[in-house]
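The values are calculated or read from the model by the stated rules, or taken from the named source; none is laboratory data. These numbers come from a predicted model, not from an experiment. A quick note on method: Cβ atoms are made from the backbone with ideal geometry, for glycine too, and the neighbour counts reach across all protein chains shown.
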Amino acid sequence: MFNFTKTEILGLDIGSSAVKLVRLCKDDAGYAVAAAGIAEIAVGEEENIHLNTVKAIRECFESVPGMTKMAVCGLSGPEVAVRDFEFPSLTTSELDGAVLFEASQACPFNAAESAVDYHLIPDADTDASDGRGDDKTRGILVAATNGLITGKKRLTEEAALKCVLMDIEGLALLNCFNGLASGSEKSTTAILNVGSSGTTVAIMGGNGWPFIRDMTFAGDDIIKQIAADKGMSTENVKRILSGDSTTAQTDLHDSLERNCQKLIDDVSNTLRYYAAQEQSTRVEKIFVCGGFALAKGFIELLNSQPGVEAVLWNPFDKIRCDTARKFEDICKTRGPSLAVAAGLAMRSV
């Protein structure tokens, strides 16, 4: 799945507060960074968000000159659904209709106004390549609204890039982790990606079946609540949490702990739900990435909860960076926020 073709692509993660870009190369020694960049999206009025995002994409791309304009983009949030399915043994023509019907029943949005795709998963105890074992057809379906897809394509096109493939961000995270993990790490893996406007829990069980949950409560909500508690601006709170302020981070600790509790509860409930549904080994370690993962004290708060060990995950700890020093610095200091872009860059077309 991770073999590159000769077509050069880049992973483009278009967030709500920043644009992240990664291009990787792969050889016999593994992955290496060819380029990496981050550009902040300027804060402005609602009607300016689109233009500011396009500008940030251009700035991010221009910071790494000489690159292809072919991009893989990611999708996440309430307009995206990832579901597993299990049907009686079906022909290919029957399967297409069954998946569409399953999507119409399982998706929290109108599947008729969405793009739906699926991937068959063969049983672990069979050599069948068509996903059939014990007279069952099993797989994963993904769906995303046409509006969400069109919006991402429009952003890339207006920034003079070409979106050649769409991926689900949660699946991109799992692909990235599994593409870099050693054999001992490929059991039940949980990844927590906390961005500005969205949080994703992505779990890959030992059976190879992914579980993805996107939540809307994320870093910006926590920062706004802390700012309200302390009578501070959100920008000042961000500077303190990132370590760029002379104000001691300890001044915000109580407020950070209180306002992170909803997110912590959401994650805990998701892990319990997964364990109950899959009847699998309980997740005991969670790899944390995303922009808010770098907030001072956040990983410690996650670790204060019983039962699950949280570790900061920087995928570039296992990806060589033989290029310019500026790319090395970005990958070292902000690597956890580039995890989605790295996963997108691992796709091939």
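Of note:
- Filtered residues of region 300-315 (kept if surrounded by 16 or more Cβ atoms within 10 Å (Cβ to Cβ) and under 16 Å from Val194 (Cα atoms)): Leu301, Leu302, Ala310, Trp313, Asn314, Pro315
- Residues in region 271-296 that are assigned to a loop (DSSP other than H, G, I, E, B), at pLDDT 90 or above and either at negative phi or surrounded by fewer than 16 Cβ atoms within 10 Å (Cβ to Cβ) (or both): Ala295, Lys296.
- Scope region 285-322; condition without any contact (Cβ under 8 Å) to a residue 40 or more places away in the chain and farther than 30 Å from Asn236 by Cβ; matching residues: Pro306, Gly307, Glu309, Asp317
- Qualifying residue in region 142-149 (condition: surrounded by 19 or more Cβ atoms within 10 Å (Cβ to Cβ), touching a residue at least 40 places away in the same chain (Cβ under 8 Å), β-branched (Val, Ile, Thr) and not in a helix (DSSP H, G or I)): yes
- Residue-level check: of (1) modelled with pLDDT under 90; (2) in contact with a Cys (Cβ under 7 Å, 6 or more places away or on another chain), Thr92 misses just (2).
- In region 53-69, the residues that are surrounded by fewer than 17 Cβ atoms within 10 Å (Cβ to Cβ) reach residues that are part of a helix (DSSP H, G or I) and not β-branched (Val, Ile, Thr) with C-beta atoms within less than 8 angstrom, at least six apart or across chains, in these pairs: Lys69/Phe61.
- Residue match in region 247-256 (condition: more than 14 Å from Leu301 (Cα to Cα), modelled with pLDDT under 95 and outside any helix (DSSP H, G or I)): yes
- Just so you know, in region 4-62 the residues that are of a type in the set (S, T, N, Q) and out of contact with any helix residue (DSSP H, G or I) (no Cβ under 8 Å at 6 or more places or on another chain) include one that is modelled with the lowest pLDDT, and it is Thr5.
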